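Have a look at the structure below before the remarks.
Quick note: the coordinates plus some simple rules give every number you see, no bench work behind them. What you see is a predicted model, and the numbers here were worked out from it, not measured in a lab. Cβ coordinates were reconstructed from backbone atoms using ideal geometry, including for glycine residues, and neighbour counts include every protein chain displayed.
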Amino acid sequence: MFSFNELNRGDSRLIVVTRFLARAAHDRGERETALEIAGMPPELYERDIPWLAWLAAVNDAVNQGKLEALVEAVATVKLDSVLRQSLERELANMPTAAAGGDRMWYQCVNPWDSRFVGPDASRAVIDRSGLRSGLRDLAREQRRVLVISGAAGSGKSHSLLLIEHLQDAHQLIGHRFAIVSTHEWGGEVTGVQLALTLARRLGLDLDLKPGGDELGDALVRKILDLIAGRYPQDQASPCWIILDGLDRPLVHESARDMARRLIVMVGLGALRPTRLIVTGLDELTNEERRYASWERIPVIDDSLMREFLSAVAGQLGYQLRQGELDAYVAGVLGSGTVLRTLGEVEDAVIDLVRTRLAVSHDGG
Amino acid sequence: MAAEAPGTAATLLTRAAVLSVFDVGWLNADDFASSDELIGFLTSACERVIDPEGTPRWRLRDDQRGRVLRSTERPALRSALGQLSHRPDDAVQAALERFVAGTNAPPDQLDASALRGQLQLERWIGGAGVPGELQGRLDWLTVTDPLRRLLTSKLYGRQGTLQNCQEFIDGGVEEEAAAERQRVSSGSFLVLPFLIEGVGGSGKSSVLAQLIIGPRDGADLAAYLSFDRGWLLDGGPVAIFDELLRQLGAQWAGCRAAVTDIRSRLRGTAGVSSPAGDIASRAAQSVQSVDQELLGVLSRALTSRRRVVVLLDSLEELARRDQALADEVHSFLVSLASAIPSVRVIAAGRALPWTSAQAYRLEKLIGLDEEDALALLRSLTTGVRVTEGVLREVITLVKGNPLSLHLAAGVLNRTGDNPSWMIAVTEDNVQGQLYSRLLDHIRDPDVRAVAHPGLVVRRLTPGVIKVVLAEPCGIAPLDDTAAARIFTGLAEEATLCERSPDGDGALMHRLDVRAIMLPAITRDRPGMTRQIHEAAVEYYRWTAGTVPGDESVSRREELYHRLMLGQDREALDRRWDQAAARDLTAVMDEFPASSQLYLHTKFEGLRVAAALRMSATDYEWQQVTRPTVLRYMERGQAGSALALIRERRGPDGGSLLPEEEIEALDRLGRLPEALKLSRGTREQAERQSDVARLRTLIVSEARILERMRRWATAWDLLAGLAELDRARRAKPEPPLDDDLRIQHLIVLTSMLRIARNERRLAERLRNLAVTLLLRFRWYQVPHRPVADLTAETVALAESTPQRVLYAQPSLLRDLGGEIGEKSDAVLRLVKGALEGLVDPGITPAGLVAAAALDATVTTAGLGWAVSLFSVIRRAVGSISSQRRARKLARQASRGWRSASDSSQDYQDYKAPLNPAEKIGVTQPALRLSIGSIALLLPFVLIAGNSILNNVVEPSLGSYYYSPMRNILVCAYSVLGALMLVYPGYDVADRLLTNLAGAGAFAFALFPAAPAHDATPTQTLISYDHWTSWFMMMTALAIMALRFANSGPTPTGLTLWQRQRYALGFPNPGEMDGRVSAFEAMVYRSCGFIILAGLAAVVPLSMLPQAYDPLLELETVAMVAFGTSWFVKGRASLFSPVEDYAQRENA
């Protein structure tokens, strides 16, 4: 049975959930009651505009693993026994790139090769052939751990987009996902925080009360031991653990140490059946390399963009001429003194492909 | 660029960009943005985060913020900041505001948190990369901040120890230079660590902290490594070295680049077993340690004259781990300090893993110095009117012991009494007396009743007091209020109790007090102690299942009390929780022996005391010893592993850990012993029909046979297994699991390797035969179905998950070597595994060759000898040619004979100029010299070492590791040289003596393996040692037989007659009478004695270990060799017509 707690941070379906709940519990009193029932302090969501309040509340509920409780709470407040089913129906009707259909401007037969993902194929996954094969290896259990490293802004977190796309395309049926991103914290991130959040995402109640004098390192080890001890080992379908953004400066070394321990644990089969993706670990020891496939992704440059555009054109049945390619690459990467961010490059690529290549393919 | 881009979205972006996190209201957006615009902005550009206070807030996404901060001018950002109603108060916000204001704070003025904020800002505005200086400063502050806090909270001198440490660090320049000279000249200079041992609270960490951030701050480069960070110990020397490098790079920008490079190389090549590490079929895979070369690189990078002070804290954690790790860490530290003269290692702990002999100096902190103790007592008795005289008296009586000082201060505070009188009348157990005195003055009788028996439990809560302690302490029944009152009363007894580190408000007895008092109460009141343990088990069993939030702690405490009760294995297993119980290893010493043994079976890697092992049953002994043995072998300490295995034997006198003993013997190069044990154990397993064990033993036996180059037998064993494996793989169910795949692949690759080594040997021997101009083949390559086997291995390897192969680096290497040419998939995996070890641009063929070479090195040894001999032959051949050319020129010049006389030229070639003659040595003298040396050598070695060392070594080669080494090497070198210049009668003589000479040189150059703790390299070299010995002695045996002749082989003999003559059995008609029958008998006897000795070595060496006949056999063979040469030399010296050379001269 579907659980709303399976929705992860950044999931495009959260907008639909927010819109639905804001519509359902429009009244401030209803909202506050529902939040209270779900165990979320209503005073944090005292905005006059229901949409704004629900936007914050839904995102927080996802972070805290309380979305299921929140939906149930709204159903309780509204005395609506079919509210949940209605919401599920709305989610099921959401268009996705992988689902295809007439509305899609981009389609790719093999979801593993898809260059554009997300609703309305709105995100570009540029290059990353190594990333794709790494994910494929994980899905087939050729490897259990994938470590992705690269410079800031190189697109390490794009693995999440690709995984979401594969889920939409029913490539990972039955697989569960526990995603912990250091972007969830506005300040510093320690190993203990990361480990406890992971345990929560895995649905494990560890009954730990950190705050004593115990060393962070020892506590992280204890938390991981507890996770290993209580992890359901008999599951038929694998769980994907994704630790994202470990290279951020606000992340303590203890958080990276926690990830290293987890790599070895998963590699040794202590958490079975599990796949682990870690982004932002820039150095691996020899031992970690035994267990992990290590993908070091470069910053998007001229040659990668050429390769990408040529591949996309090929998928769309269009043969790019050299002059065209030069112009497109220069247009996407820009030539100013300020380098474009990956997001800007992505936007430019989508704009280019939608307006030029896809149109050309359609005979426009 | 615009000062502030117009438009709602841009304004929202700019305002959000100057806030680390925000609430929607802080943006003051109600005036200009509609709710839809706001929602659109939040959903498209922002994300929900938890701020440092734990409150959910919005935050602009990193990519958006970076774009705004890079593209917006400062005045516009300042303006946006000014329009905000509220700003968060955190490090990132501070960094943002500094950026907006255009003020830069120097990194050395920022604390760790501010540095993180600054680094985050740099990431936003700078794009890729992290500024090294900021990161370095942050790394260093992360190390030193806890030490600063320590020094702020308590600083009780230890000035004497500090002074000694400083003297150790400074060390005289002259002294260091002298030491360096000594190191360079003898290679034996070792810099040992300075050790500090002391109880908790005795000031060890304070001393270390002062060395880093005290008055010497910045004077030295320093690294502080505390072993309570478990990963440092888990990673061993590699992790220690890596952390050391990280800290050095953080402190000194001058070495940062070099340090980064070394760390990269270290991580790439060291750690858990590398592809070049071991033989895949061994249970223990060798752990690669820190490469000495990297120490050299670091030494060169440290161009500063500053000392590098390595401070190791919490050494007791290392002392708890197994001895193999402690030895390895010590060895690494000594190597580090010896390779880098400026390094000084100071290590401190409550218990030490090393002895004083392994330390430069061991300083025991038993009591505080008087002044330090006075300062401590004063701080503890603030508010009590007490004279300095009384305090000094107390200090003198308790000898400055920190715990006693704390307890005495408690007595002073509580009673106002001078505790000196009490201490003075107490002969021992000062702390017990002080403790009792403190208990007496607890006002609440219920608290007093609980306080002392309460030591039996580790945690005190109102629940524990009510349910566990009340009845044994005689205060039952208690209601919740009364229990809470007692709990509060105990919480006020700061000298006795403190808050539990579990963070749940529970109390615990001070660890030092409990450590002193628990054994006493257990001994004095066993019934009550047991009652409390039993009640605690029931209490925690109940709370684990019912009280939310307490499960982990409850399970741990329940197990603690079960272990204290010494419950049996079944009872413990039923309630076991690995994660919860891990903490209990820290209090291992509190448990009875049976519980300690149980814990050791659950947690590997802990040191098992010899006394504890002695108390174990055979089963328990096996369980706790096996992991230790394997770790010894992983760390290259096979000798220690063998000693530990042989610590106890089974009821039948056999090994209790036969598989491990076989592997230890194998690693020590004691292959015949290993083979014998393996066969015996295999027979036993066959009788017991223990299939899994049988398989392991067969693989072990095949490995040993392979290493002994008894390839045919090894092949047969493996072929049998392979047949069974094929049958198993043919069954669809159950599917082959990962472990079985590995086992099958090990068998297949071993067979392929055997086939390859057989082909390789045959090829080399063919080359050798050509070199020797001997046109016969004496080694036939057996027929092996290599093509089928290769296809089978490829299929199995390619169907095996990559993760399984990557986890077996040695096997992966073997696969690369054996099937790399046939499988691209395997080759790709090998390349991935060898990353950092091979050139990134290596060709596939090169990769296969690299893997194959590694695989070969583990088994081959004879190849080296053959190669070496080929080289020597070529060199000798070259010298002979030159000599011949020179002689022809000389002969031509004096017209002795025509240089163009081909027949004579041929004769000359067969009898070239004798180099010995050129230096005035005749052939008889050569023989006498060789004979004399060979006769005397064994007795000189044995007698010399017996006098100097009182030890008789097991073989002549073993004297290499004795004070007689130089004599051994010199004697064999001289023998080699003399035999190489020995002209003999004919070319056959010269070939044989050249062979023997080369063998003698090789014998000297390649020493035998030491009797204990041989490294793999030493073991490998020892094969060449024994190969050369066999080669030399075989040649000398034939020479001894040939001494019965008195000249070159006559012409006109039949083939049979020539062969008889060549072996010293000429027909009577072929004798010229210059060799008497007695002499001929002597020579033949010597020849056969040598041959018999050679033939007896292998079978006799397989006798029980109590009798090793190698030395005797070698001695007998050497005496026979010496006798034959001595007699021949003496005889020819007095012969009327001497040798060929003399005839020639005549």
Can you find, among A:PRO273, A:LEU7, A:VAL299, the residue sitting farthest towards the positive end of the charge dipole of chain A, where Lys and Arg contribute +1 and Asp and Glu -1 at Cβ? A:PRO273
How many angstrom lie between the C-alpha centres of the stretch B:39-99 and the stretch B:624-658? 63
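Normalised by the residues of chain A, what does the relative contact order come to in percent, with Cα pairs under 8 Å and at least six apart?
Working: 503 pairs, mean separation 64.4, N = 364.
After rounding, I find 18 percent.
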Counting only residues 5 or more apart in sequence or on a different chain, those whose built amide H sits under 5 Å from that of B:CYS46 are B:ARG61
When chain A is treated as a Gaussian network with springs between alpha carbons less than 10 Å apart, the largest mean-square fluctuation among A:LEU224, A:LEU79, A:LEU325 is found at A:LEU79
Determine the distance separating the Cα centre of the stretch B:375-394 from the Cα centre of the stretch B:574-593; give it in Å without decimals. 40
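Using the Cα centre as the reference, give the magnitude of the dipole from point charges on the C-beta atoms of the stretch B:354-418 (Lys, Arg: +1; Asp, Glu: -1; all else neutral), rounded to the nearest 20 debye.
On the way: 7 positive and 8 negative charges, 33 e Å.
The dipole magnitude comes to about 160 debye.
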For A:CYS239, enumerate residues with amide H under 5 Å from its amide H, sequence gap 5+ or separate chain, H modeled in the peptide plane. A:ARG176, A:THR274, A:ARG275
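What is the fewest-to-most order of B:MET1031, B:MET564 by other Cβ atoms lying within 10 Å of their Cβ? Mind dumping the intermediate values first?
Details: B:MET1031 21, B:MET564 25.
Fewest-to-most ranking of B:MET1031, B:MET564: B:MET1031, B:MET564.
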Counting other C-beta atoms within 10 Å, which of B:VAL199, B:VAL952 has the fewest, and how do the rest follow? B:VAL952, B:VAL199
Is chain A best put as rounded, prolate or oblate by its Cα gyration tensor, with a ≥ b ≥ c the root eigenvalues, rounded for a/c under 1.5, and otherwise prolate when a/b is larger than b/c, oblate when not? oblate
Given H placed 1.01 Å from N in the peptide plane, which residues other than close sequence neighbours of B:LYS364 have an amide H under 5 Å from its amide H? B:GLU197
Using the Cα centre of the stretch B:513-636 as origin and beta-carbon charges of +1 (Lys, Arg) and -1 (Asp, Glu), tell me which of B:GLN531, B:VAL624, B:ALA544 is placed farthest towards the positive end of the dipole. B:VAL624
Other protein chain Cβ atoms within 10 Å, averaged over every residue that makes up A:183-193: 6
Check: C-alpha center the stretch A:284-326 vs C-alpha center the stretch B:8-35, spacing in Å is 37
Residue-by-residue Karplus 3J(HN,Hα) for the stretch B:62-78, coefficients 6.51, -1.76, 1.60, Hz, glycine and proline x: 4, 5, 5, 5, x, 4, 5, 5, 7, 9, 9, 6, 4, x, 5, 5, 4
Ranked by Cβ crowding within 10 angstrom, fewest neighbours first, how are B:GLU492, B:GLU634 ordered? B:GLU492, B:GLU634
